[in-house]
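Student: This is the structure I want to talk about, given as structure tokens.
The values are calculated or read from the model by the stated rules, or taken from the named source; none is laboratory data. Worth saying up front: this structure is predicted, and the values here are computed from it rather than measured. Glycine also receives a Cβ, built like all others from the backbone with ideal geometry; neighbour counts cover every protein chain displayed. Side chains included, ligands, DNA and RNA excluded: accessible areas come from the protein's heavy atoms. Shrake-Rupley method; radii C 1.70, N 1.55, O 1.52, S 1.80 Å.
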Amino acid sequence: GAVVSQHPSRVICKSGTSVKIECRSLDFQATTMFWYRQFPKQSLMLMATSNEGSKATYEQGVEKDKFLINHASLTLSTLTVTSAHPEDSSFYICSARPGSGGAGGYNEQFFGPGTRLTVL
Amino acid sequence: GENVEQHPSTLSVQEGDSAVIKCTYSDSASNYFPWYKQELGKGPQLIIDIRSNVGEKKDQRIAVTLNKTAKHFSLHITETQPEDSAVYFCAASRLGNKLSFGAGTTVTVRA
């Protein structure tokens, strides 16, 4: 149980294009999903927190108009990197937290496998 | 906000030996402390967690200890195996809040 998937696992795009990454909780309902970014040999950096049906909360320094997050259902959140540039190349990881009474406890986060974005 | 420090940054152990990773946190109100294992090119996997109402938790070869007074917690891996080689992250948070991660420890188990 508590499986989170991401699609695509790897994407290469040209500078200036937009890329959408999907995050799905497969066997539980996720009231909250998180989007992280990870550079090589570094820790996870939280970009934003999204709650189903409401606007995402972005961390300081993260451009909300560049990284569009939609959490339209209890099992799906999407991250769209708009007008991507080479500096946006990174490993993007989502996580999902079950609602009360779900698969995990009150704070557990389950991570997806990550999406490797390369912007040429 | 919460600040989590993790040591060491790299750890090399002989197969069969134990590995210990230590983390300290700054927010005395934090009450949830998970540990994640991340293999190359993959997302982090929750391996064990502990809540502030207990001091120790064990799951087969893995154990976590928590000292709330000193605000530190540790991961202990016994009888290490080559498949334990990975990057390990500690994290801390308050109930319902976002996780604050340590910088990570790269563990290498030598055969």
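Student: Determine the relative contact order of chain A: mean sequence separation of Cα pairs under 8 Å and six or more apart, normalised by residue count, in whole percent.
Tutor: 36 percent
Student: I would also like to ask the following. If you take the Cα Rg of chain A and divide it by 2.2 N^0.38 Å, with N the number of residues, what do you get? Walk me through the intermediate numbers first.
Tutor: Values: Rg = 13.7 Å, N = 120, 2.2 N^0.38 = 13.6 Å.
Its radius of gyration relative to the 2.2 N^0.38 Å reference: 1.01.
Student: For the stretch A:1-74 and the stretch B:46-111, compute the distance between their C-alpha centroids and round to whole Å.
Tutor: So the two Cα centres are separated by 25 Å.
Student: On average, how many beta carbons from a partner chain sit within 10 Å of the beta carbon of a residue in B:38-47?
Tutor: Whole-number average of other-chain Cβ neighbours for B:38-47 is 6.
Student: What is the calculated FRET efficiency for B:ASP27 to A:SER83, with r their C-beta to C-beta distance and R₀ = 22 Å, to the nearest 0.05?
Tutor: Details: r = 37 Å, r/R0 = 1.67.
About 0.05, to the nearest 0.05.
Student: Could you state the principal axis extents of the C-alpha atoms in chain B, from the largest down, to the nearest angstrom?
Tutor: Ordered largest first, chain B gives principal extents of 41, 28, 20 Å.
Student: Still on this structure: Say we join alpha carbon atoms closer than 10 Å with springs in a Gaussian network model of chain A; which of A:SER18, A:SER83, A:SER43 then has the biggest fluctuation?
Tutor: Fluctuation is largest for A:SER43.
Student: Do any trypsin sites (Lys or Arg not before Pro) in the stretch A:13-45 lie in a DSSP loop with no more than 13 other beta carbon atoms within 10 Å, and if so, which?
Tutor: Passing sites in the stretch A:13-45 are A:LYS14, A:LYS41.
Student: Something else about it: P(r) for the protein assembly as shown: what percent of alpha-carbon pairs falls in each 5 Å bin, starting at zero?
Tutor: All Cα pairs, binned at 5 Å, distribute as 1, 7, 14, 18, 19, 17, 12, 7, 4, 1, 0 percent.
Student: Can you give me the % of accessible surface on chain A that is carbon or sulfur? Probe 1.4 Å, all protein chains present, nothing else counted.
Tutor: It is 51 percent, rounded to a whole number.
Student: Springs between alpha-carbon atoms under 10 Å, Gaussian network over chain A: tell me which of A:ALA96, A:ALA72, A:ALA56 tops the mean-square fluctuations.
Tutor: Of A:ALA96, A:ALA72, A:ALA56, the most mobile in the Gaussian network model is A:ALA72.
Student: Can you check what the Kirkwood hydrodynamic radius comes to for the stretch B:22-77, Cα pairs only, in Å to one decimal?
Tutor: The answer is 11.8 Å.
Student: Next question, about the same structure. Pairs of Cα atoms under 8 Å, at least six residues apart: use those to get the relative contact order of chain B, whole percent.
Tutor: About 37 percent, as a whole number.
Student: Could you name the lysines whose alpha carbon sits less than 27 Å from that of A:LYS41, not counting residues in the same chain fewer than 8 places away?
Tutor: Here the lysines satisfying the reach criterion relative to A:LYS41 are A:LYS14, A:LYS20, A:LYS64, A:LYS66, B:LYS22, B:LYS37, B:LYS42, B:LYS71, B:LYS98.
Student: Pairs of alpha-carbon atoms within less than 8 angstrom and 6+ residues apart define the contacts here; what relative contact order does the stretch A:1-65 have, in percent?
Tutor: 23 percent
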